[in-house]
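Here's the structure, in structure tokens; my notes come after.
The values are calculated or read from the model by the stated rules, or taken from the named source; none is laboratory data. Just so it is clear, the model here is predicted, and its values are computed rather than measured. For neighbour counting, all protein chains shown are included, and Cβ atoms are generated from backbone atoms with ideal geometry for every residue, glycine included. Keep in mind that these areas ignore ligands, DNA and RNA; they rest on the heavy atoms of the full protein, side chains included. Shrake-Rupley method; radii C 1.70, N 1.55, O 1.52, S 1.80 Å.
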Amino acid sequence: MAPAGSRRWGSLLPLLLLPLLPAVGGGCAAEGGPLEPFDALYASGVEAYYGGDFAGAARCLERALRSRRELRAARLRCRRSCRGQVRLEAPGPGAGGDLPFFGSVLRRADCVRRCEEPRIGAASRHRAAEEVRADFQRRVPYSYLQRAYIQLNKLEEAANAAHTFFMANPEHMEIQQDIENYKTTAGKVSLVDREARQHMEDYSAGVRHYDKEEYELAIEFLERALKGYYAEDEDCQVMCEGPQRFEEHEYLDYKAGLYEAIADHYMQVLACKHDCVRELATRSGRISPIENFLPLHYDYLQFAYYRVGDYVKALECAKSYLLFHPDDEDVLENAGYYEGLLEGAVDPNSIKPRKEAKTLLQRHKLESHLLQVAAAGLGYAYTEPNYWNRYGARQDEHSVPSSISSEPEDGHRLSLAKKPMPKPHRELKEGGPLLYSDVKFVYNSEQLNGTQRVLLDNVISEEQCRELHRVASGIMLAGDGYRGKTSPHTPNERFEGATVLKALKYGYEGRVPLKSARLFYDISEKARRIVQSYFMLNSTLYFSYTHLVCRTALSGQQERRNDLSHPIHADNCLLDPEANECWKEPPAYTFRDYSALLYMNADFEGGEFIFTEMDAKTVTASIKPKCGRMISFSSGGENPHGVKAVTKGQRCAVALWFTLDPLYRELERIQADEVIAMLDQEHLGPSEMNINPKDEL
């Protein structure tokens with residue numbers, strides 16, 4: 001047995017490429033004096049890590065993280081203080097009238113410099129490279145910290161570092177597995193996100209209590225979230241007053257006049273401030289914000305206050321929400337209903353929207369106006385984003401109380417219906433013909449407790465399964481399709497795979513029977529036709545990726561397994577269970593539209609395919625693979641799925657991903673089509689399998 005502290009974990013993150021960091025002369029210097037630049041400390045930590053000095057790495061990395069926090073705090077403190085000490089004066093008329101204004105600008109700049117210098121030193125010391133700032137934004141230092149703490153046998157610190165990294169990188173399956181290992185090894189672990197944004201945490205807690213109909217607690221957390229949001233918004237505005245990049249100019253060659261230079265800089269500051277609403281609605285590591293984030297606080301609160309009997313606050317929050325969406329029919333109806341409840345007791349007109357919401361929205365509109373004026377008159381490229389997308393809506397299933405349902409039809413009612421979700425790019429249908437008489441329908445979406453799902457049997461025969469399995473044994477390589485990783489999702493199984501093109505090449509070279517190699521091509525085409533027909537797609541469904549994959553349970557590693565063969569995920573977006581979101585952004589394969597898995601065997605233990613809710617925990621359907629069975633579904637966040645551990649034997653399937661966008665057609669498939677055309681021309685034995693639809697149902 002390995003001594004304590006020396007255990008190596010197979011699922012640890014691969015070593016990251018050494019980032020672009022400043023040159024360092026060895027470990028962290030002693031603390032004291034001006035704040036040490038966080039990029040230099042980071043470089044020292046990474047250097048110590050690769051040198052095997054894990055205690056030094058942990059020390060330097062922790063100091064780098066602390067230095068970055070303290071740098072921001074010092075800048076905020078000084079800029080706030082100098083705002084209060086030095087007011088900007090209005091320009092006067094006539095010659096020299098601008099001197100009072102520019103004089104106050106110079107005094108404020110001097111105030112900020114005098115305030116910052118004793119703590120942080122010269123500002124130039126803290127100009128980290130873009131690559132380093134991106135690393136901290138993605139929380140990469142925590143991935144190094146996790147591995148350093150493992151080597152130091154500090155599992156609780158390692159678990160928190162891993163969790164902090166994972167919260168910004170929920171698509172990282174290996175770190176997810178590491179966290180499960182911590183829970184198993186260290187027992188009950190209370191995971192802490194060390195970079196959590198409190199207003200986000202409070203909002204999420206408020207929504208959870210709302211969903212449980214715990215309205216008083218929901219109000220407490222949502223009100224706290226709003227208070228935190230507006231405080232963070234003020235901080236964001238202040239931080240935007242720092243240095244800006246002149247993206248269209250080489251600084252040393254920049255010869256702009258006074259007002260052009262001021263306009264250049266101020267427009268970048270203004271764009272930064274205008275984007276604070278997006279910044280505050282975006283979770284760490286994500287590109288896309290939570291849609292309609294700020295208005296949603298008021299939407300949840302208006303109903304929560306109604307349920308606890310505070311109709312004044314309910315109306316106040318409804319009116320605050322309507323500042324952002326004045327034509328929202330549901331909330332307009334609710335506001336009318338609250339006014340009816342207050343009639344005779346309080347004048348509804350005396351209840352106003354919240355001041356902070358009104359002030360923020362007025363400022364936001366003025367910022368937008370100035371940015372658009374600049375774009376039109378000064379040659380800036382600017383497009384106003386939709387910051388208040390109404391389709392990011394409160395989703396709840398509360399039934400209308402009987403006392404409300406009994407109101408006269410022409411009176412105000414309280415609207416509790418679901419808000420409309422954005423219309424998909426295509427109309428979702430299912431139930432089209434299966435095209436082949438031998439294919440057996442098993443379950444549809446409703447029976448599988450989801451959306452755009454279908455389970456079919458007899459897509460291929462027992463004989464075809466056996467033949468395909470023989471082909472697989474002759475062409476598969478360990479790690480194929482997984483960037484060479486033989487155990488990409490779990491250290492307890494070996495993964496092997498092969499593509500259609502590889503199968504055809506092996507067949508052409510005589511390394512496997514050509515007829516068998518062509519079978520792989522033909523059955524994947526059959527599956528594509530079935531999926532396109534069943535989901536009644538009006539445009540062509542193209543192959544995005546086709547992969548024959550087998551996963552084999554490794555002997556001696558199956559006792560007390562608590563992991564999955566393939567963690568819960570979605571196929572075209574980054575599943576974020578904590579936020580109950582699926583972010584359709586890179587590195588996800590955002591172009592995928594439909595997925596299918598065609599199973600080849602059943603002689604193994606475990607390996608059930610499962611669908612879950614967005615929480616990645618609540619299982620909505622479980623499917624046991626067998627020869628000829630195919631599960632197909634739309635590839636988005638509506639269908640999170642995974643595979644339970646294969647604990648004995650080998651599980652094989654043809655995995656297929658499809659796209660409606662011809663720009664993302666699978667290159668190997670196009671090449672395979674050319675090989676098939678060449679084989680047919682040479683009469684080298686086309687498959688006996690007829691893939692043309694017959695006996696259409």
Requested in this report: Would you give the gap between the C-alpha center of the range 293-357 and the C-alpha center of the range 610-627, rounded to a whole Å?
Outcome: 40
Query raised in the report: Under 16 Å from the 7 Å Cα→Cβ point of residue 378, by amide nitrogen: which residues of the range 218-241?
Result: 241
Requested in this report: Report the local net charge at residue 555: Lys and Arg +1, Asp and Glu -1, summed over other residues whose C-beta lies under 12 Å from its C-beta.
Outcome: 0
Query - Share of carbon and sulfur in the accessible heavy-atom surface of the range 451-681 [1.4 Å probe, %] - result: 48
Report summary line: Note: probe point = Cα of residue 345 + 7 Å toward Cβ; backbone nitrogen < 13 Å; residues of the range 290-310 passing the test are 306-310
Report task. Just order 200-209, 649-658 by mean Cβ neighbour count inside 10 Å, highest at the front, would you? Result -> 649-658, 200-209
Query raised in the report: Hey, what's the range 38-138 come to in accessible area per residue, 1.4 Å probe, Å²?
Result: 53
Report task. Using a 10 Å cut-off on Cβ atoms, rank the peptides 218-225, 619-626 from the highest mean neighbour count down. Result -> 218-225, 619-626
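Counting only protein heavy atoms and a 1.4 Å probe, tell me what percentage of the range 38-138's accessible area is made up of carbon and sulfur. It would help to have the intermediate numbers written out before the result.
Numbers: 2930 of 5370 Å².
Exposed carbon and sulfur together represent 55 percent of the surface.
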**Report entry** Computed magnitude of the charge dipole of the range 38-138 (debye, nearest 20; Cβ of K, R +1, Cβ of D, E -1)
**Finding:** 520
Report summary line: The summed charge of the residue 192 Cβ neighbourhood (under 12 Å; Lys/Arg +1, Asp/Glu -1) stands at -4
Report task. Using only the alpha-carbon atoms of the range 451-681, report the extent along each of the three principal axes, biggest first, to the nearest angstrom. Result -> 55, 47, 32
Report summary line: Nearest-0.05 FRET efficiency for residue 110 and residue 76 at R0 = 30 Å, using Cβ-Cβ distance, is 0.95
**Report entry** Unit charges at the beta carbon, dipole of the range 38-138: most positive-side option, 73, 132, 58
**Finding:** 73
Requested in this report: Please turn the phi angles of the range 89-105 into ³J(HN,Hα) values with the Karplus equation 6.51 cos²θ - 1.76 cosθ + 1.60 (θ = phi - 60°), one per residue in order, whole Hz, x for glycine and proline.
Outcome: 8, 6, x, x, x, x, 4, x, x, 7, 5, x, 5, 5, x, 5, 4
Query - Per-peptide average of other Cβ atoms within 10 Å, ordering 85-94, 500-509 highest first - result: 500-509, 85-94
Report task. At 1.4 Å probe size, with every protein chain present, just tell me what the per residue accessible area of the range 451-681 comes to in Å². Result -> 39
Query raised in the report: Of 60, 582, which has the most accessible area and how do the rest follow, probe 1.4 Å?
Result: 582, 60
Report task. Determine the share of the range 267-321's accessible area contributed by carbon and sulfur atoms, expressed in whole percent, with a 1.4 angstrom probe. Result -> 46
Report summary line: Full extension between residue 678 and residue 102 adds, at 0.36 nm per residue less the Cα distance, a length in nm of 199.7 nm
